[in-house]
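Remarks on the structure that follows.
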Amino acid sequence: MYWGDSGDNAAHKKSIAVAEKKCKGLHVNAIWDSGNYDTDLATKIGSGNAPDLFQLDASKRIPQYVSQGALAPLDTFVKQQKIHLTRTYWPQCVNELTYKGHVYGLPRTCSNQSLLFYNKEMFRAKKVAFPTNNWTYSQMAKAAQKLSGSYSLPHDQTSQLRFGMAFNTDDFRTEQFMWGWGGDWLNSKLNRCTMTSPAARAGLQFLHDIAYKQHGMPTAAQASGLPDYFTGFQKERYAMAFMGPWALNYAFGKKPGGQSLINFDWGAVLTPRGPKSRQAVMASTGLVISKHSRHKSAAFWLARFDSEGNGAVLTGAYGVDMPGAKALWTNPAVVREYGRPLLATIRKSNLTGRYPKLVPQYDKFWNVISTDLQPFWQNKATVQAVTSKACADVTSQGLLGG
């Protein structure tokens, strides 16, 4: 069972066809779910009809399903087949698939979610120097301020209000800006909320101030009438946006043999550096096996094929995301899809990325935090007030991971 658009589904089916040829006797029933994947998967698991092998958003779902007894640990397979996980795959993403000392999945994909993509034509129009891999957040904020205002562009002659950055305060961005200042939302033991620390508050305040002091991104009120961060980047309303390598397909529409959705010149650089780090969230699509599967050996074989074999190459060549296996990044099909300059930047970004703190009830945990932070993003409350409430609420509701 897997998610994705129609092209991703085609890549999966092509991969399955090759797998069945290579492994005689293997037969795979593909379940493509491009709608309510998480809900549909939870229903199948709850009713005892879990797929043998399925995709999971690693950092958000592994602890949840392990705590429910739904996933099979893979330690025995890894040991028997002498797989050195952190040599084969990016270590950060192996860690995302490891919970309480056991490995529960293989990383089909692995990438830093905060490459800074930028529209070169907007930078040229406002005579702002392009971003570099050595940029700081302060430089980014100053550039965002200069790039905001009403103006026309070569591919959009209408003079309309544009911004230097998109207003995006999702979970990845919340963590990213806290990390840049040396903060986090949990301590290392996962048993105490640390969003009230001066470092965490400083990072969140900096992001807030890009909108309300520098006016380099829309305020919450302005953002309500604008597209989301990647659609807005497509439509040249935002000069910069943080995205993962998946942007090549999902934001730009660069499908093999197809027409790009954008017609302007763009570039990508590393996550800017904060006072303490340039760390950003590494995200992995994990391939996991149902604890109740009667075909665990076949499922593990297919998981390896789809994470370090031809299946993973097809994923990378489609531009959906980067393969979890490091060796495949030099595969000619993957190199052709991303291009050597972008691929080099993506590789460097993986070296500065990190995996998030894993909590068993991620959705509830994040829903509480995002709800409590909302008044701050609307400029109606202080960062001190909202982080104090967020920490009190996740603690009282038993949503910590320790």
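The values are calculated or read from the model by the stated rules, or taken from the named source; none is laboratory data. On a predicted model such as this, the values are computed, not experimentally measured, just so you know. Neighbour counts run over all protein chains shown; Cβ positions are idealised from the backbone, glycine included. Only protein heavy atoms, including side chains, enter the accessible area calculation; ligands, DNA and RNA are left aside. Shrake-Rupley method; radii C 1.70, N 1.55, O 1.52, S 1.80 Å.
At a glance:
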{"item": "Criterion: touching a residue at least 24 places away in the same chain (Cβ under 8 Å), over 28 Å from I369 (Cβ atoms), out of contact with any Ser or Thr (no Cβ under 8 Å at 6 or more places or on another chain) and of a type in the set (A, V, I, L, M, F, W, C) - qualifying residue of L106, L147", "result": "L147"}
{"item": "Selection within segment 1-22 - in a helix (DSSP H, G or I) and open to solvent by 30 Å² or more (accessible area, probe 1.4 Å)", "result": "S6, A10, K13, K14, A17, V18, E20, K21, K22"}
{"item": "Boolean, F77 is modelled with pLDDT of 95 or more, of a type outside the set (G, A, S), in a helix (DSSP H, G or I) and touching a helix residue (DSSP H, G or I) at 6+ places or on another chain (Cβ under 7 Å)", "result": "yes"}
{"item": "Some residue of segment 25-34 being within 28 Å of G398 (Cα to Cα) and part of a loop (DSSP other than H, G, I, E, B)", "result": "no"}
{"item": "Residue in segment 358-376 that is at negative phi, out of contact with any helix residue (DSSP H, G or I) (no Cβ under 8 Å at 6 or more places or on another chain) and among the hydrophobic types (A, V, I, L, M, F, W, C) present", "result": "no"}
{"item": "Hits in segment 213-250 (condition: at pLDDT below 95, hydroxyl-bearing (S, T, Y) and crowded, with 22+ Cβ neighbours inside 10 Å)", "result": "Y229"}
{"item": "Residue ranges of strands (runs of 3 or more DSSP E) in segment 234-338 with at least 1 members touching a residue at least 60 places away in the same chain (Cβ under 8 Å) and more than 28 Å from L85 (Cβ to Cβ)", "result": "238-243, 266-269"}
{"item": "Qualifying residue in segment 258-275 (condition: open to solvent by 20 Å² or more (accessible area, probe 1.4 Å), under 23 Å from A30 (Cβ atoms) and at pLDDT 90 or above)", "result": "no"}
{"item": "In segment 188-212, residue modelled with the lowest pLDDT [restricted to those that are open to solvent by less than 40 Å² (accessible area, probe 1.4 Å) and part of a loop (DSSP other than H, G, I, E, B)]", "result": "L190"}
{"item": "Residue identified as in a loop (DSSP other than H, G, I, E, B) and closer than 24 Å to A58 by Cβ among L343, L400", "result": "L400"}
{"item": "Segment 359-373 - residue that is without any contact (Cβ under 8 Å) to a residue 24 or more places away in the chain and of a type outside the set (V, I, T) and, of those, farthest from P218 (Cα to Cα)", "result": "N367"}
{"item": "G183 touching a residue at least 12 places away in the same chain (Cβ under 8 Å), touching a helix residue (DSSP H, G or I) at 6+ places or on another chain (Cβ under 7 Å), under 14 Å from K126 (Cβ atoms) and small (G, A, S)", "result": "no"}
{"item": "Cβ-Cβ under 8 Å pairs, at least 6 apart or on other chains, segment 70-86 side closer than 18 Å to G324 by Cβ, far side part of a loop (DSSP other than H, G, I, E, B) and of a type outside the set (A, V, I, L, M, F, W, C)", "result": "L71/Y104; L71/G105; L71/K291; L74/Y104; L74/G105"}
{"item": "Hits in segment 33-67 - residues which are surrounded by 19 or more Cβ atoms within 10 Å (Cβ to Cβ) and among the β-branched types (V, I, T)", "result": "I45, I62, V66"}
